[in-house]
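What follows is calculated from the coordinates using simple rules that are stated; it is not laboratory data. Note that the structure is a prediction, hence the values are computed from the model and not measured. With ideal geometry, Cβ positions are generated from the backbone for all residues, glycine too; neighbour counts draw on all protein chains shown.
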Amino acid sequence: MKVSECMTRDPDVVNPDQPIREAATFMLQDDAGSMPVCDGDRLVGMITDRDIAVRAVAAGLGPDTPVREAMTDHIDYCFDDEEVEAVAMKMSDAQVRRLPVISRDDKKLVGIVSLGDLSRSGKGQSANVALEGVSDPGGQHSQSSERR
């Protein structure tokens, strides 16, 4: 099964110049912990509720701080034509619960895939593989304010 068959299409996005307050409001409305950051049609990062709390608020930055100052600009992603199993392995290796989905043809954001999407795909074992990696201690993700 291709990831395009189980992903969430046309996810809400924020742009890098929007204030983190707006990103947090969108996350609240969507009941989501992260959002893709796009500059026009180009994916440039991801912002999470934890990025806002740890990189911005804990560092003394205010609610009008641009998203670009708190977002993660190292982006793990997958293509819409990849197999669910391969995407689950990427999620496990990167220790992430969600991946932006890019079209292979024009490299534009077309969706987002989550552990929940994988578990509902009929390939439940793929979600288990991803969850095992996400649950492992350590990993690449750092909450430091240093830019990667």
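Using the beta-carbon distance between residue 17 and residue 83 and R0 = 25 Å, what value does 1/(1 + (r/R0)^6) give for FRET efficiency, to the nearest 0.05?
FRET efficiency, residue 17 to residue 83: 0.10.
If you build the convex hull over the alpha carbons only and average its shadow over all orientations, what do you get for region 1-86? Give it in nm² to one decimal.
For the Cα atoms of region 1-86, the hull's average projected area reads 5.9 nm².
I need the calculated FRET efficiency for the pair residue 59 and residue 120, taking r as the beta carbon distance and R₀ as 30 Å, to the nearest 0.05.
Plugging the Cβ-Cβ distance into 1/(1 + (r/R0)^6) gives 0.20.
Roughly how many nanometres apart are two label points built 7 Å out from the Cα toward the Cβ at residue 41 and residue 104?
The two pseudo-label positions are separated by 1.9 nm.
Expressed in nm to one decimal, what extension gain is obtained for the pair residue 5 and residue 28 from 0.36 nm per residue of sequence separation less their Cα-Cα distance?
This chain segment gains 5.7 nm when fully extended.
Which ³J(HN,Hα) values in Hz, rounded to whole numbers, follow from the phi angles of region 5-14 under the Karplus curve 6.51 cos²θ - 1.76 cosθ + 1.60, where θ = phi - 60° and Gly and Pro get x?
For region 5-14, the Karplus curve yields 7, 10, 6, 8, 7, 6, x, 5, 9, 10 Hz.
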